[in-house]
Amino acid sequence: MEDILFDTFVVFSPSINYIFQILKFKNTKSSKGFSKFLCLIIMLTHTLRIFFWFTKKYKFTLLIQSIFIIVIQFYLIYLCIKYKEKEIKYKQIPNDNNYNDSVTINIKKDSSEIKNIINIKLMRKMDNAMGYYKIYFVIVFLLSIFNLSLKDNYLYSNAIAYGSIFLEMICSLVQIVEVYLTKTQKNISKIMVLSWLIGNMLKAYYNIYNKCPIQLIIGAYIQVFLNIVLISELIYYYLIDMLLINNEKISIKQDNPNKVVIEGNSDGIVDISEIIN
């Protein structure tokens with residue numbers, strides 16, 4: 001009975017964060033800051049894991065877990081498109097018959113216009129959930145062909161296993177790089193990152209306990225390490241933010257002793273002389 005409960009927890013626990021994200025979309029009617037591309041990467045990660053299962057036949061619970069996560073990602077992409085923050089206004093592609101009759105042509109301007117037109121066409125395709133679904137199913141179709149003919153091949157089995165690890169690493173590295181570039185910890189939920197760490201630690205334990213393939217164990221430990229790096233980044237930039245806020249308060253008091261900082265005030269500063277007068 002305990003094993004059944006633990007297996008059920010393993011299947012659904014990785015998707016708890018995504019369920020909260022779904023509720024957030026529906027409550028805010030916005031998908032600001034959410035990456036559809038990362039959803040696609042997560043789908044491909046677990047698809048590779050499914051194909052790896054057919055070559056190694058490891059714990060069936062992990063197969064169900066991957067299938068469930070893929071279904072959740074499908075729905076997230078749909079909601080992300082539905083609740084996008086604002087409609088993208090596309091520029092109309094110029095259709096001037098006299099365009100070729102120009103005497104002089106600015107090559108740089110023309111090349112930039114061509115790039116804009118290409119980007120607009122790509123955005124039109126990727127601004128629809130079907131664009132992501134088509135990419136996913138094309139990759140799945142190609143992988144299915146390889147899997148039918150190479151599933152007993154040692155190199156192929158390892159390739160899809162480590163490919164899954166690599167794609168999962170990308171998802172974590174994107175978050176780490178984003179925090180480093182923006183120099184802020186405000187754009188990422190600390191609870192979500194902490195849940196990732198706990199989940200990956202449990203996943204590492206579960207994989208070892210059930211004697212899963214070494215590739216899955218390595219992948220889990222890599223994720224734990226990357227989660228620790230991300231949490232360290234968040235703590236570092238949080239401390240910097242607190243230090244900057246304290247320095248600003250001190251400088252305000254030194255510049256004008258009559259002004260004090262009041263927490264919760266919209267301006268943050270109140271002139272004492274004005275209150276006295």
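Read the figures in this text as sums done on the coordinates, not as results from a lab. Predicted model only: the values in this text are computed from it and were never measured. Using ideal geometry, Cβ is built from the backbone for each residue, glycine included, and neighbour counts are taken over all protein chains shown.
Label positions at VAL71 and ILE145, each projected 7 Å from the Cα along the C-beta direction, are separated by 3.0 nm. Overall shape: oblate for region 1-85, with the ratio a/c of the largest to smallest alpha carbon gyration tensor axis at 1.5 or above and b/c at least equal to a/b. The length gained on full extension between MET192 and LEU5, counted as 0.36 nm times the residue separation minus their Cα-Cα distance, comes to 65.0 nm. Mean sequence separation of contacting Cα pairs (under 8 Å, at least six apart), scaled by the length of region 150-259, corresponds to a relative contact order of 34 percent.
Relative to the current alpha-carbon distance between ASN158 and LYS183, full extension at 0.36 nm per residue lengthens the span by 5.3 nm. Listing PHE137, PHE54 from fewest to most neighbouring C-beta atoms within 10 Å gives PHE137, PHE54.
What length, rounded to one decimal in nm, is gained on full extension from TYR209 through to ILE16, with 0.36 nm per residue of separation minus their alpha-carbon distance?
Length difference between fully extended and current span is 67.2 nm.
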